[in-house]
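Report on one structure; see the data block that follows.
The values are calculated or read from the model by the stated rules, or taken from the named source; none is laboratory data. No experiment lies behind these values; they were computed from the predicted model shown. Cβ placement follows ideal geometry from the backbone for every residue including glycine, while neighbour counts extend to all protein chains displayed.
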Amino acid sequence: MGKKFYITTPIYYINAEPHIGHAYTTVIADIFARWHRLKGEDVFFLTGLDENSVKTVQAAKAHGFSDPQAYADWMAEKWISVWKTLNISYDDFIRTTQERHKQNVRALFTRLRERGELYKGTYRGLYCEGCEAYLSEEELVDGKCPLHKTPPRKVEEENFFFRLSKYQDALLEHIKKNPDFIQPESRRNEIVSFIQQGLKDVSITRHGAQWGIEVPGEPDQRIWVWFDALINYLLPRDYWPADIHLIAKDILRFHCVIWPAMLMAAGYELPKCIFAHGFMTVNGQKISKSLGNTINPVYLAQKYSTDVLRYFFAREISFGQDGDFSEENLCKRLNDELADILGNFVHRVLTFIKNYFDGRVPEGEVDEEFWSQVVSKIDKIDELMERVAITQAVMEILMLAKIGNEYFQKHSPWETVKSDQKRAAMCLYNAVNLVKSLCILITPFMPSTGKELANQLNYEVTSLDQARQPDLKPGHAIGQPKPLFSKVKAVKKENSRISLEEFKKLDLRVARVVSAERISGTTRLLKLEIDLGDESRTLVAGIGDQYSPEDLVGKNIVVVANLKPAKIRGVVSDGMLLAAEDEKGKIAVLVSDKEVKPGSKVK
């Protein structure tokens, strides 16, 4: 094997099944892993699950599990199944409830403690349940976590602290000397600015928690999930340091400030590159279970194929930037690029050889000018992949297919095969070798398609170097050509307007709030008892961060009365309260401006 290459994804929370945001990160990491394997490198690709979170306990209860570990095992099977569908070739799948991880965490905690990098102290401050992290007043927007739009709770407890402030200057110096350490540049600048504002020591344990890794010798303390989770990357010690930590930008500070400081304090090397890509959004909003805009990647893979989805991830979003998901654009990439450009070139070349040269590579010589252009493109693609510029790399692969189509069109073998068969053979000899090169180049991006094309070529893909060589020799027998991609009917954007008949299906009624109370264990959920005139009902409303129960009692609200009941935190909600929300997250419950009888229909 050649040089080592170690790439990681974040380890994901298991409070929900994977959505396309998780799939995007993992597929991109898989493409890089496969690319470096193709170059003959000794690759280790690590992914996994973060199971020691409070979110795990909450989700277990919501799904009816009394044992969080049983829930974690159940969810792990679901995640592994999704990654299998998406053809993810990880070398290890870490779960933070595994004993090997716990031992690793305890060992690093003890090492830091013995080196004087940890101390006991009292934490007083604000804690966001969603982030599972402490926030400063300056980080809040309108008194709320900017990411989860909920107010943090005040906490005071005795914890262990990590001497993060000690490493402020060392971190800045390392970033200055290693400009590729944090990518892209905008994220590096963000982290530098954050560090320059001053670092404070950070609390790394939780007092009285029942779930998580126990602090050695401190049974009443659990190690903070973000301290615990980061240590997973050290597990394959023979491959450390990581060449690429691939993360999303919302966990930038944990990975680019706390994690390298922990490594410095422990005396370990730092990762070579932390690349923070942007968010994949839906209609401009970050994908979130709470917003109800998650999209199942398995559904897309089954509808369009796994390889089409993988190609779309690499092609659609400029790597490092935010990008909005659109099924319409996915169809367009499939039809206009995969089918019309790549698939068209491959099929016309192989079909021509099958029909006019008895399915064998014809006699020909290397077109030096053409092949020089091909090799130059391949070198550029490899350079871009080394620079983690995956979007540009896949665009160059597509450009190479365009060059093939232009070459085929220019030499018009369908005409010359009748008048100058030697010239036609020359064209097909070079064209089929380019098809072989494309087969190799697309294999990390679309492994199943690459394998299918290799079968059609009757060729074994073993290394990237093969792509630079026109090594399909005259007389080589190809297999049976088949189209690689099938066009689909483009998905059109739905008209947002509805008919009057559709509106009439909604049963909107005025209801009076008789009583209201908070649901235990949450800050947002309120349980409302309402009077609908001829019946009483229970509703669950996620407005508790902006309304107290007392604010609502006696109000005439508007509810959707014919909504199917749903069980939320163990409470059956029979209907839905209507409220408006502005772009800043401010909520206003809809109420009648005049006294009206409960049960009155809203028209």
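Here is how the numbers come out for the structure above:
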{"read-out": "Odd one out for residue 486, checked against (1) among the small types (Gly, Ala, Ser); (2) surrounded by fewer than 16 Cβ atoms within 10 Å (Cβ to Cβ); (3) in contact with a His (Cβ under 9 Å, 6 or more places away or on another chain)", "value": "(3)"}
{"read-out": "Matching residues, segment 446-477, being outside the structural domain of residue 348 (by TED's automatic domain parsing) and either touching a strand residue (DSSP E or B) at 6+ places or on another chain (Cβ under 7 Å) or of a type in the set (Phe, Trp, Tyr) (or both)", "value": "475, 476, 477"}
{"read-out": "Single condition residue 342 does not satisfy, out of (1) in contact (Cβ under 8 Å) with a residue 12 or more places away in the chain; (2) over 19 Å from residue 453 (Cα atoms); (3) assigned to a helix (DSSP H, G or I)", "value": "(2)"}
{"read-out": "Criterion (under 24 Å from residue 28 (Cβ atoms) and of a type in the set (Lys, Arg)) met by exactly one of 451, 489, 473, 482", "value": "451"}
{"read-out": "Unique match (being touching a strand residue (DSSP E or B) at 6+ places or on another chain (Cβ under 8 Å), touching a residue at least 24 places away in the same chain (Cβ under 8 Å), on the phi < 0 side of the Ramachandran plot and crowded, with 20+ Cβ neighbours inside 10 Å) among 251, 287, 317", "value": "317"}
{"read-out": "When residues of segment 238-250 are limited to those that are at pLDDT 95 or above and either among the basic types (Lys, Arg) or assigned to a helix (DSSP H, G or I) (or both), the one farthest from residue 33 (Cα to Cα)", "value": "238"}
{"read-out": "Residue in segment 258-302 that is modelled with the lowest pLDDT, counting only those that are among the basic types (Lys, Arg) and part of a loop (DSSP other than H, G, I, E, B)", "value": "289"}
{"read-out": "Pick from segment 38-89, criterion in a strand (DSSP E or B) and β-branched (Val, Ile, Thr), ranking: nearest to the chain's Cα centre (by Cα)", "value": "47"}
{"read-out": "Verdict on residue 165 being closer than 28 Å to residue 25 by Cα and exposed (fewer than 15 other Cβ atoms within 10 Å of the Cβ)", "value": "no"}
{"read-out": "Residue tally, condition farther than 20 Å from residue 37 by Cβ and part of a helix (DSSP H, G or I), over segment 367-383", "value": "11"}
{"read-out": "Meets criteria (surrounded by fewer than 19 Cβ atoms within 10 Å (Cβ to Cβ), basic (Lys, Arg) and farther than 21 Å from residue 166 by Cβ) for residue 237", "value": "yes"}
{"read-out": "Residue that is farthest from residue 334 (Cα to Cα) [pool: residues in segment 440-466 that are without any contact (Cβ under 8 Å) to a residue 40 or more places away in the chain, in a helix (DSSP H, G or I) and not acidic (Asp, Glu)]", "value": "466"}
{"read-out": "Residue in segment 149-168 that is under 27 Å from residue 33 (Cα atoms) and not hydroxyl-bearing (Ser, Thr, Tyr) present", "value": "no"}
{"read-out": "One residue from 396, 365, 383, 369 being without any contact (Cβ under 8 Å) to a residue 60 or more places away in the chain and under 16 Å from residue 470 (Cα atoms)", "value": "369"}
{"read-out": "Residue check, residue 211 more than 27 Å from residue 33 (Cβ to Cβ) and aromatic (Phe, Trp, Tyr)", "value": "yes"}
{"read-out": "Top-ranked residue in segment 546-555 [being touching a strand residue (DSSP E or B) at 6+ places or on another chain (Cβ under 6 Å) and part of a loop (DSSP other than H, G, I, E, B); ranked as surrounded by the fewest Cβ atoms within 10 Å (Cβ to Cβ)]", "value": "553"}
{"read-out": "Residue in segment 186-201 that is under 20 Å from residue 111 (Cβ atoms) and either in contact (Cβ under 8 Å) with a residue 12 or more places away in the chain or touching a Cys at 6+ places or on another chain (Cβ under 6 Å) (or both) present", "value": "yes"}
{"read-out": "Count of segment 90-112 residues which are assigned to a helix (DSSP H, G or I) and either in contact (Cβ under 8 Å) with a residue 40 or more places away in the chain or under 30 Å from residue 297 (Cβ atoms) (or both)", "value": "11"}
{"read-out": "Matching residues in segment 303-325 - criterion: being acidic (Asp, Glu) and assigned to a helix (DSSP H, G or I)", "value": "307, 316"}
{"read-out": "Selected residue (criterion: nearest to residue 217 (Cα to Cα)) from residues of segment 82-128 that are surrounded by 17 or more Cβ atoms within 10 Å (Cβ to Cβ) and among the β-branched types (Val, Ile, Thr)", "value": "105"}
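So that you can scan it fast, the table gives a plain yes or no per residue for (1) more than 26 Å from residue 151 (Cβ to Cβ); (2) assigned to a loop (DSSP other than H, G, I, E, B); (3) within 38 Å of the chain's Cα centre (by Cα):
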site: 512; (1), (2), (3): yes, no, no
site: 538; (1), (2), (3): no, no, yes
site: 544; (1), (2), (3): no, yes, yes
site: 557; (1), (2), (3): no, no, no
site: 562; (1), (2), (3): yes, yes, yes
site: 572; (1), (2), (3): yes, no, yes
site: 580; (1), (2), (3): no, no, yes
site: 588; (1), (2), (3): no, no, yes
site: 599; (1), (2), (3): yes, yes, no
